[in-house]
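Participant: Pasting in a structure now, in structure tokens, and then I'll have a few things to ask.
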Amino acid sequence: MRSRLRVHIIIASILMIAVLSGVQLRASAAAEIPTPQQFLGFRVGDDKKLARWDKIVEYMRVIANASDRVRLRELGKTTNNNPFILLEIGSADTIKNLDHFKQLERRLYFQGGAPTDAERDELFRSGKAVVFVSCNIHSTEIGSSQMVLELVHRLATEDSPLVKRFSTT
């Protein structure tokens, strides 16, 4: 039971707020970030291969340190003293001004009082869409804890039409 709880907590720890807007990245920065396969030494999804939690966290730190699109925060420790992390992903400009956008969002939830109709409309115009992605809640469902490595790499490095489409929402 303890092992199952540990796995549940570890896997649920991968949290992301994807605040994507106008994603642009210098090619040199993208080249500095290893793919999950380069980092792990195997392809995510290979038979009988799983990235351990410590390697997942280490890879997330590598990406956050190399990309101006990703911010990593350690929210605390799990019951087994593992890092409980949160990734915030967006354009470099959005990440740079993320605290401002969070303040705008809080106003929509009436923190500091209800906004007027005009204030609300301005918040919608100047704010950003926020998507929360939590990977895994059941200890036996490990696929998302593995695939998130690929997802984060893609959002941190790609300038594809697909990533751009997400960034305009």
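Participant: Over the range 63-157, what percent of the accessible surface lies on carbon and sulfur atoms, probe 1.4 Å?
Facilitator: 53
Participant: Which of the lysines could a cross-linker span from K77 if the Cα-Cα distance has to be under 23 Å and same-chain partners fewer than 8 positions apart are dropped?
Facilitator: Result set, ordered by chain and number: K55.
Participant: Here's a follow-up. Just to be sure I understand the model, the point goes 7 Å from the Cα along the line to the Cβ. What's the resulting E74 to V131 distance in nm?
Facilitator: 2.9
Participant: Among the lysines, select those whose C-alpha is under 21 Å from the C-alpha of K102, and discard any that sit fewer than 8 residues away in the same chain.
Facilitator: By straight Cα distance, K102 reaches K128.
The values are calculated or read from the model by the stated rules, or taken from the named source; none is laboratory data. This is a predicted model, so every value here is computed, not measured. All Cβ positions, even for glycine, are placed from backbone atoms using ideal geometry, and neighbour counts span all protein chains on display. Ligands, DNA and RNA are excluded from the accessible area calculation, which covers all protein heavy atoms including side chains. Shrake-Rupley method; radii C 1.70, N 1.55, O 1.52, S 1.80 Å.
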